[in-house]
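Since the structure comes first, as structure tokens, the remarks are kept for the end.
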Amino acid sequence: MEYTLEQIASQVRRDIVRMVTAAASGHPGGSMSATDVLTYLFFKEMNVTPENWRRDGEGLDQFFLSAGHISPVLYSLLARRGYFPVDELATFRRYGSRLQGHPSVDKNLPGVNQAAGSLGQGLSVALGAAVAKRMKGDPHTVYVLIGDGESEEGQIWEAAMAAAHYKVDNLIAMTDWNHQQIDGRVEDVAGLGDLRSKWEAFGWTVLEGDGHDFTDIERVFKEARSRSRLGSPVMILWHTEMGHGVDFMAGTCKWHGKNPSVEQCAEAMKQLEETMGDFAL
Amino acid sequence: MKEYIDTGKKDTRSGFGAGLALLGDSNPKVVAMTADLKGSLKMDAFAAAHPDRFFDVGIAEANMVGMAAGLAIAGYIPFIGTFANFATARVLDQIRQSVCYSRTNVKIAASHAGITLGEDGATHQTLEDIGLMRQLPGMVVLNPCDYNQTRAATLAAAAWNGPVYLRFGRPGVPNFTPADEPFEIGKAIHLEEGSDVSIFATGHLVWEAIQATRELEARGVSVDLIDIATIKPLDKEAVIASARKTGKVVVAEEHLIAGGLGEEIAAVLAAACPTPMRFVAIDDQFGQSGKPAELMAAYGLDAAHIIEAALSF
């Protein structure tokens, strides 16, 4: 059956919370802030399917996750999209699993293009992939998601300069602007200031959207596509909330890298509708 | 002993530039990148002939490594070139995650390696790079000894499927290996057969080891001389066979003892056939400004020191 984006996102958030609870570790907070945007990207925006996916991305849109710690949302979406069996989500972070703590190509998990975890590297990789598409005459788009805390890494700004310098306009980068990092609020730890002006000053076309409203997500992705191919890379600043979807996890850094207890997980499940069937534990 | 003819001093980095230019013409997948050191890396010929496949990314090495990984994922074969210090220590984590762990087919072309970088001094003289690179799972480490061998190693690096660290240097050094000898990754090059002492040399130290061997032979010492142009994967069979034969091993390299070829060989021999060893390398210190030859002598990296080591057992 066809599921609505809201139904898929609800199931993905259930998966995230259940995965980190079962693994007794992992990063639910940022996974839940990025859920809606990535659900739209995987189910509506990109022309990639489990059947046509290939690591080199030839003839396809391509997605790179730079903030590798939010692997739970990536794994859940890949499974729910059909890249691998949903029940494999139960192996997350276990010995021998293809679902490593941070995404890896080491065990050939379909849908993963590149290892990520050490922050700040994925934007450069996506930029290289976008340049490659241009060299090949491949008209498709490269997408990449970075975190707002991750934007404290210097390499992000090296890549920002290079992308504008080379006029890489088939690249759509996105920031999951949830205002939280491990040690607290981003503005308290190492403030980013006026992020929009920073990206604009670096030569990017900057769009903003509500990362938890599918109507707005659709609007912004459409605008991003219409404003790409105009000589500048595009940055979408998604306004999001860490831990979105579960009241006691929302809006705090507490759940950046911490798993709920079994009781807390049960409480969270009451707030997230099971729509596509939970994976077996 | 064979005759080794210096056909004229040439820098090994020009060997890389020549190899890269050949690749540019023969392989449309080869892409070259540099971080504001096009001239120093001798990439001008490639850049002029293939501007569409050349990227000077500016002084931003971390981004260069990442971009190269992205290009490699898409099927290109990127060669990224900068000074060896900035190609390794500065971007070790990028190489570790975006290249080696991600199994991307990136070639790291590292010039001005070692103390022979000379006058710029210790900030630029990396003596740790072999250790840093050979620790990374899946990385191939090549350290050719002259212009011809560096040119051939560049071609071999492109043909190899996987990450390669290609180390070469700044100053002109004797060019003596055969011009058209193919480079075989993983194969030690047996220069001289001997029975009294083994000398394993790599990079700029190979020519010094040849001079040392000539002198040692004149003194009646029979030298088993091996050029280790591939530091990783090490030709363990050749190393063990030579050590078994001579029972004495000297390793000569333009690097710190820590992490270098000597330690790598020591680990192999300690397990297979424990052998007394001497290390012609730098022990736990930074370099300083000076002329390359002057520094090599001052830091104990020349033929005289190899002879001394070979006679010290």
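The values are calculated or read from the model by the stated rules, or taken from the named source; none is laboratory data. Just so it is clear, the model here is predicted, and its values are computed rather than measured. Cβ coordinates were reconstructed from backbone atoms using ideal geometry, including for glycine residues, and neighbour counts include every protein chain displayed.
If I filter region B:239-253 for residues that are surrounded by fewer than 24 Cβ atoms within 10 Å (Cβ to Cβ), β-branched (Val, Ile, Thr) and touching a residue at least 60 places away in the same chain (Cβ under 8 Å), do I get at least one hit? No: zero hits.
Has region B:25-39 got at least one residue that is crowded, with 16+ Cβ neighbours inside 10 Å and hydroxyl-bearing (Ser, Thr, Tyr)? Within region B:25-39 (the criterion being crowded, with 16+ Cβ neighbours inside 10 Å and hydroxyl-bearing (Ser, Thr, Tyr)), the answer is yes, since at least one residue qualifies.
Is region A:62-69 home to any residue that is under 16 Å from A:Met19 (Cβ atoms), surrounded by 20 or more Cβ atoms within 10 Å (Cβ to Cβ), away from chain B (no Cβ under 14 Å) and out of contact with any His (no Cβ under 6 Å at 6 or more places or on another chain)? No, that holds for no residue. In summary, A:Glu274 fulfils each of the numbered conditions (1) over 26 Å from A:Tyr3 (Cβ atoms); (2) loosely packed, with under 15 Cβ neighbours inside 10 Å with the single exception of condition (1). If you go through region A:200-220 and keep only what is touching a Leu at 6+ places or on another chain (Cβ under 8 Å) and not aliphatic (A, V, I, L, M), you end up with A:Thr205, A:Glu208, A:Gly209, A:Phe214. The residues of region B:115-128 that are of a type in the set (Ser, Thr, Tyr) and part of a helix (DSSP H, G or I) amount to a single one, B:Thr116. Quick check, is A:Val112 in a helix (DSSP H, G or I), within 10 Å of chain B (Cβ to nearest Cβ) and modelled with pLDDT of 95 or more? No, not satisfied.
Would you confirm, using the coordinates I've provided, whether A:Ile146 is within 13 Å of another protein chain (Cβ to nearest Cβ) and either closer than 19 Å to A:Val220 by Cβ or modelled with pLDDT under 95 (or both)? In short, yes.
In summary, helices (runs of 4 or more DSSP H) completely within region A:13-97 and bearing 3 or more residues that are touching a helix residue (DSSP H, G or I) at 6+ places or on another chain (Cβ under 7 Å) and more than 17 Å from A:Val112 (Cα to Cα) occur at A:28-33, A:35-40. From the list B:Phe55, B:Phe79, the lone residue that is more than 19 Å from A:His165 (Cβ to Cβ) and of a type in the set (A, V, I, L, M, F, W, C) is B:Phe79.
Each row is one residue, and each column tells you yes or no for (1) surrounded by fewer than 18 Cβ atoms within 10 Å (Cβ to Cβ); (2) assigned to a helix (DSSP H, G or I); (3) under 17 Å from the mean Cα position of the chain (by Cα).
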{"site": "B:Pro178", "(1), (2), (3)": "yes, no, no"}
{"site": "B:Ser198", "(1), (2), (3)": "no, no, no"}
{"site": "B:Glu217", "(1), (2), (3)": "yes, yes, no"}
{"site": "B:Glu264", "(1), (2), (3)": "no, yes, yes"}
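Just name the residue that is farthest from the other protein chains (Cβ to nearest Cβ) out of those in region B:49-108 that are within 19 Å of the chain's Cα centre (by Cα) and among the small types (Gly, Ala, Ser). Out of the qualifying residues, it is B:Ala84. Comparison of B:Ala272, B:Ala297 shows that the only residue that is within 22 Å of B:Thr126 (Cα to Cα), at pLDDT 95 or above, in the same structural domain as B:His204 (by TED's automatic domain parsing) and in contact with a helix residue (DSSP H, G or I) (Cβ under 8 Å, 6 or more places away or on another chain) is B:Ala297. Take the conditions surrounded by fewer than 22 Cβ atoms within 10 Å (Cβ to Cβ) and outside any loop (DSSP other than H, G, I, E, B) and apply them to B:His305. Does it pass? So B:His305 passes the test.
Residue by residue, here is whether (1) of a type in the set (A, V, I, L, M); (2) touching a strand residue (DSSP E or B) at 6+ places or on another chain (Cβ under 8 Å); (3) free of Cβ contacts under 8 Å to residues at least 60 places away in the same chain holds:
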position: A:Gly154; (1), (2), (3): no, no, yes
position: A:Ala164; (1), (2), (3): yes, no, no
position: A:Leu171; (1), (2), (3): yes, yes, no
position: A:Leu192; (1), (2), (3): yes, no, yes
position: A:Ile217; (1), (2), (3): yes, yes, no
